[in-house]
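Everything below concerns the one structure shown next.
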């Protein structure tokens, strides 16, 4: 990533941090809270599904594990400042990562299709457990969390700021992965796992590490979500839909890119919440949704950002061809990123 | 002991129906290497078609099967040609998961609009009749459902082993490249194969509608079970799917009867995880090449 | 109708509609504002805008639509009478897709973006809990007709009022009351319980079980089954094997029909049979299990056709006029939603004011007549009344207990299957 890229990232986060202090309406901050949750989860999923090419459909299980960890830790507790649950977040991330470790070792023995099935199976197991281990989870009756004692005027702000910080972590990890040997190893795994093993990449270590970090972050989002909702129950705490939404966001924005998952989350989550509110309900939604989904997959299979980048690169290349004496014009701003994108291989 | 035997009877009878649904799904995977997440939605679509024929014309769901299979065969061919064929080869396995999921949602949306989201059931005159054999309760409709599933599986077997199309399919499953060299048009085989998978879903759907109440969202429950069955049987293996269907349905019915229905769903997943630990390719799967 | 747990995936439905916004949504106007009839409300008075989020898609779509129908029916009725304190009632009803995330966003938007005057509740306890927290934060009264589970009252909110005669947990207690009112010789000695694992079902049966066990009725079998259970024969054969005098089923809808079918196949008919929900559906139940098989089965209800409660006749007439059908096809959820509106009218009539603080302080005192009968609440919004016991007799649902509202004596023991 170039200096311009770093500046872009810095500017983005400064803007994010400043936003709530401009007197934004509650409903806008509320919307941003949910957008941020999905942006973090999409970025985290990208580490496994985007870079390493293991399409996990089980991430929602870890969202649920995080939500239930948070609920169990604070169910019936009295909060004084209201920041206690946020302090517990790293611990929840650790719980997610530790549970994710053996799951990764088992499931990553299989490749793409079977891996997707095994991970979604794990998701259903966790959901069944959430329903059936009633003494712990409250079963279908749900589990309540204490209500944050924040003043109504700025109730959403602490949630928002914590999520901004988590997004920064997720994007830094992505950035690091793209720049480091680990990132290269992941891409090698994606391209051809056997060959990668052959040239000495420590395949299993790298992919298991990526999976653990990814699900740890997802668990932390689940924890924040549980605290924000104040009440969780199995259908929505362990919701296959969360995975599907996250996967779709990553695909829409662009797999194995830094900004793609964030872009996808902004478009889809903000769009969904606003439209559900504005347009009311009709069963035609489902049909419209499915058609949009299909159009994205068929027309933009690599996502918005890689497609755009390729367009720009082609245009620049054309310009270079026309004016061969312009030095360096063909160099894209983020050559590394393009190379990492799946499109870069073809 | 009584509960155990009753569970086994129920499980085996139900297992036949699951075997039929799963055989279509595993066939699609074998031919195209596509995990069809819309298989459950196709079964429910088949159930709705049978329901509509029953309500409008009083046609018995068993007799409706020739009609519904033909309709669903056409639908399956259309899905393959419109949505799956255009996918780029290198991303196909990931993208096809998402595309077939989108097809499932599309079907669900169409069913919700057409039949609303209330539960439907097909109440035939024999829906409540049952026999008592040696103290065990055996429901008539389940026995017919089981028999029909066996019949459909038998026809599928004949189709795959005794026809030119079947030979082309088996060649494609075993080795797509050499099949192409032998002059088998893989696109055509894929389209017909997807159609055939959808047709088995239609047959299974008629039976499913007779056994259980259903609505447009029922396919999520189905697909989670079907996935466990096809992975357990070995992706691409029709014989494996049949065996796995019976194993899984029986063990879950036994758990429901002897432990608690709350844990019966868990059996599907637990059996799957156990098998994957020992044999990641499934019971009858082979590494690298498909098998039928 | 909680549906099966996996089916929540449907909420996904909306995720990518975002992209559609670029194409079509920008040009569309908010379509869900249902303004009532023209009525006599003076044109210059500011309309009274009431916001509500109900499930129009997803798992709660069907009951959600029934709630919406109840709200709209009431708005039309009250506007025809000139509105509330001369202000025309305008409803803003939005869809929460049965999702707790969307329900939070919706009440945020209703209160802070659209600045509605009042809010009504969503469908289901699961959505009521997060929604009522948002209402509480901004000082809104929360009249909700469909969220009466324990989690709702565990919040101890003073702004919440559950518009039904009793909390969900106690809605089956009327059956226990009736059984325990029988002469000792007629009472059942043994009981079996089959309960759907869902916050609106199992707790009802559990509450009855506690009462029965305290009264010395032995529990011979109990099973809690998950929402996706399809085969009830394993459970019902165990019930038959235990041979109880009374079967108490904590059911929702489809599971109730499946239980009856399975019992018919097993040819086992207990002396007493109570089903918390499903069996109180006047049209679906007989059509799914066969009218002859309904005889003697009991359930609980609040609104029922032919009720003489305040406004019940008007409500039934208006409902049939608007949606067709007969009094038998009216959904309970619509009546409950309608009652929430009646309460607003009564508060306004009594105090001459209609604002959140007035509603909250006024409803905590006294008894309030509605189409559901007289309602009153404790300090955390739990209603303190009871449901009616209803029984299937000759193919129709008849209130049989308490005696004051009974149209026929309760029939027992239950006849065997097929009449």
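Placing a label point 7 Å from the Cα of residue A:312 along the Cα-to-Cβ direction, the residues of the stretch A:1-41 whose backbone N falls under 18 Å of that point are A:1-13.
For peptide B:266-274, the mean count of partner chain Cβ atoms within 10 Å of a residue's Cβ comes to 4. The shape of the stretch A:15-240 comes out oblate: with a ≥ b ≥ c from the C-alpha gyration tensor, a/c is at least 1.5 while a/b does not beat b/c.
Pop the C-beta distance of residue A:106 and residue B:167 into the FRET formula with R0 = 30 Å and round what comes out to the nearest 0.05.
Approximately 0.20, to the nearest 0.05.
Enter the angle in degrees (range 0 to 90, nearest 10) between the Cα long axis of helix C:254-266 and the first principal axis of the Cα atoms of chain C, meaning the one along which they spread out most. With both axes taken from Cα atoms, the answer is about 10 degrees.
What number, in nm² with one decimal, is the all-direction average of the projected area of the convex hull of the alpha-carbon atoms of the stretch B:185-226? Quarter of the Cα hull surface area: 3.5 nm². Net length available on complete extension from residue B:159 to residue B:59 is 33.3 nm, with 0.36 nm assigned per residue and the Cα-Cα distance removed. Rounded to the nearest Å, what's the spacing between the alpha carbon centres of the stretch A:77-103 and the stretch C:260-307? Just the number, please. If we compute the Cα centre of each part, the gap is 48 Å. Stokes-Einstein diffusion of the stretch C:91-224 at 25 °C, 0.890 mPa s viscosity, Kirkwood radius from Cα pairs, rounded to a whole number: 146 µm²/s.
For the pair the stretch B:219-274 and the stretch C:119-139, the centres of their Cα atoms are 39 angstrom apart.
Which value in deg cm²/dmol, rounded to the nearest 500, describes the helix-derived mean residue ellipticity at 222 nm for chain C, given -39,500 (n - 2.57) per DSSP H run of n ≥ 4 and division by the residue count?
-10500 deg cm²/dmol
Look at where the Cα atoms of the stretch B:77-119 and of the stretch C:351-390 average out, and the two centres are 49 Å apart. Return one number: the angle in degrees, 0 to 90 and rounded to the nearest 10, between the long axis of the Cα atoms of helix A:26-45 and the longest principal axis of the Cα atoms of chain A. Orientation of helix A:26-45: about 60 degrees from the principal axis. Against the main long axis of the alpha-carbon atoms of chain C, helix C:61-80 sits at an angle near 50°.
Taking other Cβ atoms within 10 Å as a rough exposure proxy, A:166, C:275, A:125 sort from fewest to most as A:125, A:166, C:275.
Exposure proxy check: A:195, C:261, A:207 ranked by fewest other beta carbons within 10 Å?
Fewest-to-most ranking of A:195, C:261, A:207: A:195, C:261, A:207.
Volume per residue of the convex hull around the Cα atoms, evaluated for chain B, comes out as 127 Å³. With R₀ fixed at 30 Å, the C-beta to C-beta distance from residue B:114 to residue A:295 puts the FRET efficiency at about 0.85.
A Förster radius of 22 Å combined with the Cβ-Cβ distance from residue A:17 to residue A:83 puts the calculated FRET efficiency at roughly 0.80. Taken along the Cα-to-beta-carbon direction at a fixed 7 Å, the label points for residue A:3 and residue C:177 span 8.1 nm. DSSP beta bridges confined to the protein assembly as shown are antiparallel in about 45 percent of cases. Normalised by residue number, the volume inside the convex hull of the Cα atoms of chain C is 140 Å³ per residue. Estimated at 0.36 nm per residue, the fully extended path between residue C:215 and residue C:291 surpasses their Cα-Cα distance by 24.0 nm.
The length gained by stretching the chain between residue C:364 and residue C:271 to full extension, at 0.36 nm per residue less their Cα-Cα distance, is 29.3 nm. The ranking of C:276, B:130 from fewest to most other beta carbons within 10 Å of each one's beta carbon is B:130, C:276. Its alpha carbons give the stretch A:129-283 an Rg and a Dmax of 19.1, 59 Å. Here is how the number arises for chain A: DSSP H runs of 4 or more residues each give -39500 (n - 2.57), the sum is divided by the residue count, and the result at 222 nm is -23000 deg cm²/dmol. With a ≥ b ≥ c the root eigenvalues of the C-alpha gyration tensor of the protein assembly as shown, is it rounded (a/c under 1.5), prolate (a/b larger than b/c) or oblate? Cα axes put the protein assembly as shown in the oblate bin.
What average count of beta carbons from other chains do you get within 10 Å of the Cβ of residues in B:244-257?
Numbers: counts 0, 0, 0, 0, 0, 1, 0, 0, 1, 3, 1, 1, 10, 6.
Partner-chain Cβ atoms within 10 Å, mean over residues of B:244-257: 2.
None of the figures in this text is laboratory data; all of them are computed from the coordinates on show. Since this is a predicted model, take the numbers as computed values, not measurements. Please note: Cβ atoms are built from the backbone with ideal geometry, for glycine as well, and neighbour counts cover all protein chains shown.
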